[in-house]
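First the structure, in the form of structure tokens, and then the observations on it.
Each value in this text was obtained by applying a stated rule to the coordinates, not by laboratory testing. Please read these numbers as outputs of a predicted model, since none were measured by experiment. Backbone-built Cβ (ideal geometry, glycine too); neighbour counts: all protein chains shown.
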Amino acid sequence: MLNDNYTAFCVNSDLLQCWRGRQNPSSLYQGIAQSYTTLTDVALFDILWGLTPAWNRTMTTDSTTNTLLTENDVVEAVCRHLEANGMAIISRCSTKEQGYDIVARYPDTNRRLIVEAKGATSARADSARFEQGFSRNQIRSHVARAFYSAAAALQRENGNADAAITFPDTSNHRRFVDAIARSLDVLGIKVFWVQEDGNVSHE
């Protein structure tokens with residue numbers, strides 16, 4: 001997409017150099033934070049999609065398309081998963097609160113894990129999407145926002161914390177996360193997947 005949003009993104013040479021292996025990942029955090037102010041969520045995702053090699057852009061589908069977990073459900077499931085694996089939950093936010101969705105501490109260390117969560121349907125009873133699944137475009141926007149929030153958290157914490165994003169395990173969420181898999185690997189951002197029954201897996 002050759003438009004002003006794309007130009008605004010590409011002028012940040014640190015970001016592109018990082019993709020070519022010529023800069024440290026820390027430059028990528030700065031590039032994303034600087035560029036996001038001029039990008040819509042969809043534009044950010046489209047650009048990252050374009051930077052992903054063609055062999056890694058194959059879209060696959062699965063049968064997990066009827067998950068209707070809210071963001072609050074996802075946060076609850078991931079907190080249970082982290083606690084079951086020995087981590088302490090320092091704080092958590094509902095959709096009505098501001099701040100990191102989940103902050104956890106690793107066992108026997110002071111290092112933290114910051115998690116940004118998104119749901120498959122709205123938690124607000126007055127929302128048009130309450131008890132309905134989000135559209136494909138909304139899911140793409142949610143993935144883009146979660147990616148930005150995690151990258152910004154890494155920069156804000158200056159190497160003193162890890163970051164993760166978490167979603168319901170649906171075909172559309174996996175489709176858009178797969179499209180930025182290389183970006184996630186470069187930044188070291190983990191991904192937690194929440195099943196309908198509350199079980200959690202991670203990548």
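Neighbour counting of Cβ atoms within 10 Å sorts the residues Ile102, Ile189, fewest neighbours leading, into Ile189, Ile102. Footprinting exposure proxy ranking of Asp108, Asp169, fewest other C-beta atoms within 10 angstrom first, gives Asp108, Asp169. Compared with the direct C-alpha span, the chain from Asn160 to Gln138 gains 4.8 nm at full extension, assuming 0.36 nm per residue. By the count of neighbouring beta-carbon atoms within 10 Å, fewest first, Arg105, Arg156 end up ordered Arg156, Arg105.
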